[in-house]
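Data block below; observations after.
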There are 2 protein chains.
Amino acid sequence: MSETPEGAGAGARRGRRGGGGAAARRAARQGGGITQLRHITRRIPTYEPLDEDGLALIEDNAETILQEIGIEFRGDPEALAIWKDAGAEVDGERVRFPRGLCRKLIATAPAEFTQHARNPERNVRIGGRNMVFAPVYGPPFVRDLEGGRRYATLEDFQNFVKLAYMTPAMHHSGGTVCEPVDVPVNKRHLDMVYSHLRYSDKPFMGSVTAPERAEDSVALAKIAFGADFVDNNTVLVNLINVNSPMTFDGTMLGALKAYARANQAVIVTPFILSGAMAPVSVAGTLAQALAEALAGLAFTQLVRPGVPMIFGLFSSSLSMQSGAPTFGSPEPNLVLFAAAQLARRLELPFRSGGALCAAKLPDAQAAYESVQSMMPAVLGGVNFVLHGAGWLEGGLVSSYEKFVMDADQLGNLQVFCNGYDLSENGQALDAIREVGPGQHFLGCAHTQANFETAFYRSTISDNNSFEQWQAEGSLDTAQRANVLWKKMLADYEAPPLDPAIDAALLEFIAKKKASMPDAFA
Amino acid sequence: MSETPEGAGAGARRGRRGGGGAAARRAARQGGGITQLRHITRRIPTYEPLDEDGLALIEDNAETILQEIGIEFRGDPEALAIWKDAGAEVDGERVRFPRGLCRKLIATAPAEFTQHARNPERNVRIGGRNMVFAPVYGPPFVRDLEGGRRYATLEDFQNFVKLAYMTPAMHHSGGTVCEPVDVPVNKRHLDMVYSHLRYSDKPFMGSVTAPERAEDSVALAKIAFGADFVDNNTVLVNLINVNSPMTFDGTMLGALKAYARANQAVIVTPFILSGAMAPVSVAGTLAQALAEALAGLAFTQLVRPGVPMIFGLFSSSLSMQSGAPTFGSPEPNLVLFAAAQLARRLELPFRSGGALCAAKLPDAQAAYESVQSMMPAVLGGVNFVLHGAGWLEGGLVSSYEKFVMDADQLGNLQVFCNGYDLSENGQALDAIREVGPGQHFLGCAHTQANFETAFYRSTISDNNSFEQWQAEGSLDTAQRANVLWKKMLADYEAPPLDPAIDAALLEFIAKKKASMPDAFA
């Protein structure tokens, strides 16, 4: 497929912004004094805990599952016909695959690709050494300190788009940052896509809840980016979940086909709570997830060879006591690291991770579990980190306070990914010579020259003395986060959007909405 | 030095417990239904983000610091004489080292060693693929939900020893779990060592606040373990901090010499807040810390060749805004990973990490920062993790609630270190065959056979539904932790201690206390 170099996407074609250094830096600064960060290009290695024998064993078991048990492709006769033509054995809705077939089919996919944003400064590169952070996806509820837990609205949706826009280390606007349940279910995708285009200029995700909603997402993208551009470039990345174990349903297959045919990227994601949708073991979960991903990814290439796609995995364990999902636990972390290795062996981008937790409040549990999910994603080399901020209560709630807490972690982790500065300035031998034994470095020339950028500066941690913290009201982290997200929304300024494009988007949406009655289920 | 195999230490020699399987399992169970875990022997690789060129550069810079700038050994003429004899250049209290001298001297130290506990089931192996978790060290204050923040007492000290004892993944009783400031400063070391021996049977740390207190710690250990055994085995591990930059003071040198001469282990620990005690850069901090550690470790081997020792590093950054230390930030994590690599190249055990944070409360900040410190310690292969639980407010406070929250993380991380089960049961192919597409694994034979041990079970996380959590009082994590630590103390049963040994310890302490007036500064 066609790939446009960084900084030369849709916006540049329409001459909105230049690509030069100073201009780029000016363009990067925006409302609220934010200097946006580009997506991460890792300068640290990946952590690879599973050895060659272990990886080969998992791959062999996945082929056994594909060959012997097979995968169900439900409610989509066309999919079955496609598989039959490709040489698979089709029995009812069950498809069984000769060993190696899926692996061979996915070879046509790119190892990495650019997702274009309407502001080319915000284009992201997905795959390889690159890493993209995206916000929480899917919750029907929101929570904040004053309002408590309540159903999400379109206003909440727009707020989370704005918060993602105002977060420098959030490289992506995401998709369903929360479900705007005050909008009819058959129309809300239009408002969601519009909100991403109107209130942010970062890349975003399309609707997957029905094939026609996927087509609407593509149509809106064509208005914003131009039809030719969308035909030849990736402007939407779209979340296709597997109904684990070993089942794709008609809705997801329909959306998958719609996006693949439009040359837009799909994330094929086994959604697994081990113990329910997969065995209660790490190696069993890995083999099944790999089999499911291979089948869905190969199918995507059959629909349109060369279309960009991402090997996804959402992995959690079921509490065998409560029957509820658990997060930040060691077994899913072992799954994540090994799955990232398996994806790299397939030369495909990998999606997993996120600031996941089962906590009901943005408290210590939320934070323990979130870092326990995010740090493995970063060290494991996940390329597309969905749920990077805001996720609460097993994904049922988008939390305003947790969003800005997690956003601080994203900034922290982005610095970590920059690795070691071994320049002369980084080595600082002259500073050590200048200061000498028993003295302090606070006033030395090297410190003076470097202190502003030397260390990551947390937006949420209180490092002051106990007395100072007391004098400032003894606020806990959630209370400080409450102040911060309100300030971010108050400081928010929308990025510019061509009024003609805005009008065309609104016209399309109005016509679509008028063409069908509201549906709420 | 003499090394006794695991499980055949002091207790076995005195016939306290057998070494057999069933007997060992019985012995491992104790009050409160706890099944203690042995220290970790990693089955996962270490994460090594700094490459060979970078490591060689840091090592070269450390040698430049040692040769050109040197290290001060203050208030200890004997130390200067020792260095002069060893071939270093002594100028006043400044010691400069020919390149390679320190590295050559430390070659006599063991790469790993056993620290013996009075219950040999609790012996720990320090170094190599082994990892030991120890509690918080040093805070003058304690905090709990009801009592708030207050000066620590001996009762608090005993409580934290008991909590460490009741924590399965806490392999060590630690040292100054808090400062019992109600006991005179010149006598409290006696009560601290006694508390470790009386209320726990896990290994522990000696006093380092004065040479004579180190000698008292050794004398008490000889009563508990037998004098010959202590002469020939490590029963105390002792924290010797460097006064960074590049200075050892007389107190620490005195304690170091006392322990080394008694054949007890020392942890030589550069204590660095980058920006104050070292440059504001990662590579500068690393070179200086390596130089300091090399000088202190080499000195230890000069005092007694072959004495076990640990390369330590406490690394944090100074907030350039508030002047206070920050924790869980990316720069100290980069320092930690590389320092662990440097220690492995020296074939020495490494100490760092801990559940560090600047938070004033056991809230989200505390948890974010603690995991951001603990996970690098675990993935980086730190052998002795001090401050594994309970640390709050930059080390000023031992928190009851945070202790049990962090303790849960230790259990989580210990499971992670076990790595991948690739047995047939772990692969679970038969379970996948049995269940098949679209079904669930809850009732299948493999799940039934494995569910009790399949997943780490958090002691503190609430994974229940929102409704269930609400029905149970909508408790946040700190409130649940409050219930848990009280239950642990209520369930606590002291491990058996030979009454004759107990009487001898108390007699030694009474005599010592009577021999000097109380001092409070």
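All of the numbers you see were taken from the coordinates with simple rules; none came from a lab. Every value quoted in this text rests on a predicted model; they were computed, and no experiment measured them. Cβ atoms come from the backbone with ideal geometry, glycine included; neighbour counts cover every protein chain shown.
With a cut-off of 12 Å between beta carbons, the residues surrounding A:VAL282 carry a summed charge of -2, where Lys and Arg count +1 and Asp and Glu -1. The orientation-averaged projection of the convex hull spanning the C-alpha atoms of the protein assembly as shown amounts to 40.2 square nanometres. Residues A:VAL237, B:VAL185, arranged from fewest to most other Cβ atoms within 10 angstrom of their Cβ, appear as B:VAL185, A:VAL237. In terms of other Cβ atoms within 10 Å, B:CYS444, B:CYS178 run from fewest to most in the order B:CYS444, B:CYS178.
Peptide B:448-460 is shielded by partner chain Cβ atoms: per residue, an average of 5 of them sit within 10 Å of its Cβ. Judged by the gyration tensor of its Cα atoms, with axes a ≥ b ≥ c, segment A:258-298 is prolate; a/c meets the 1.5 cut and a/b is the larger of a/b and b/c. The residues neighbouring B:PRO77, those whose beta-carbon lies less than 12 Å from its own, together hold a net charge of -1 under the Lys/Arg +1, Asp/Glu -1 convention.
Within segment B:56-190, the ratio Rg/Rh, alpha carbon atoms throughout and Rh by Kirkwood, equals 1.11. For segment A:242-311, the convex hull drawn through the C-alpha positions has a volume of 67 cubic angstrom per residue. When only alpha carbons are used to place a centre, segment A:210-229 and segment B:244-259 end up 70 Å from one another.
Neighbours of A:ILE126 by Cβ distance under 10 Å: Lys/Arg scored +1, Asp/Glu scored -1, total +1. Taking 7 Å steps out from each Cα toward its Cβ at A:ASP430 and B:ALA210 produces label points 4.7 nm apart.
For a paramagnetic label modelled on B:ARG261 (point 7 Å from Cα along Cα→Cβ), amide N atoms under 20 Å away belong, within segment B:276-306, to B:296-306.
Computed as a quarter of the hull surface, the mean projected area of the alpha carbon convex hull for segment B:315-374 stands at 4.3 nm². Working from label points 7 Å from Cα in the Cα-to-Cβ sense, the A:LYS513 to A:ALA494 distance is 1.4 nm.
Each stretch of four or more DSSP H residues adds -39500 (n - 2.57); spread over every residue of chain B, this sum gives -13000 deg cm²/dmol at 222 nm. Ordering of A:103-109, B:480-486 by packing is B:480-486, A:103-109, highest average first (other Cβ atoms within 10 Å, averaged per residue). Ordering A:222-233, A:62-73 by mean Cβ neighbour count within 10 Å, with the highest value first, yields A:62-73, A:222-233.
Report the Cα centroid-to-centroid distance between segment B:391-453 and segment A:405-431 in angstrom, as an integer. Taking the Cα centre of segment A:405-431 as reference, the centre of segment B:391-453 is 33 Å away. Once the convex hull of all Cα atoms in segment B:407-521 is built, its volume per residue stands at 245 Å³.
Using the Cβ-Cβ distance between B:GLN321 and B:SER474 with R0 = 51 Å, the FRET efficiency computed as 1/(1 + (r/R0)^6) comes to roughly 0.90.
Rounded to two decimals, the Cα radius of gyration of chain A over 2.2 N^0.38 Å is 0.98.
The C-alpha atoms of segment B:83-142 occupy a region whose extents along the principal axes are 46, 34, 20 Å, arranged from largest to smallest. Taking one equal scatterer on every alpha-carbon of segment A:366-465, how large is log10 of I(q)/I(0) by Debye at q = 0.17, 0.22, 0.23 1/Å? For segment A:366-465, the Cα-only Debye profile gives -0.88, -1.14, -1.20.
Across peptide B:391-397, the average count of Cβ atoms from other chains found within 10 Å of a residue's Cβ is 1. Between amide H atoms placed 1.01 Å from N, distances below 5 Å from A:VAL177 occur with A:GLY138, all of them 5 or more places distant or on a separate chain. Residues of segment B:184-199 falling in the label zone of B:PHE520, defined by backbone nitrogen less than 19 Å from a point 7 Å along Cα to beta-carbon, are B:184-191.
Checking every one of the GluC sites (Glu not before Pro) in segment A:113-162 against DSSP loop status and a limit of 13 other Cβ atoms within 10 Å picks out A:GLU146.
When you count the other C-beta atoms within 10 angstrom of each residue and take the mean per peptide, A:432-438, A:52-58, B:494-500 line up highest first as A:432-438, A:52-58, B:494-500. Put simply, the amide H of A:LEU392, placed in the peptide plane, has neighbours under 5 Å in A:VAL397, A:SER399, leaving out anything fewer than 5 places away on its chain. With contacts taken as Cα pairs under 8 Å and at least 6 residues apart, chain B reaches a relative contact order of 18 percent. Shielding value for A:331-339 is 3, the average number of Cβ atoms from other chains within 10 Å of each residue's Cβ.
Relative to the other identical copies, B:THR41 shows label-point distances of 4.5 nm, where the label point lies 7 Å from Cα along the Cβ direction and values run shortest first.
Scattering from segment A:392-445 was approximated by placing one identical point on each alpha carbon and applying the Debye formula without solvent; log10 I(q)/I(0) at 0.14, 0.19 1/Å stands at -0.64, -0.79.
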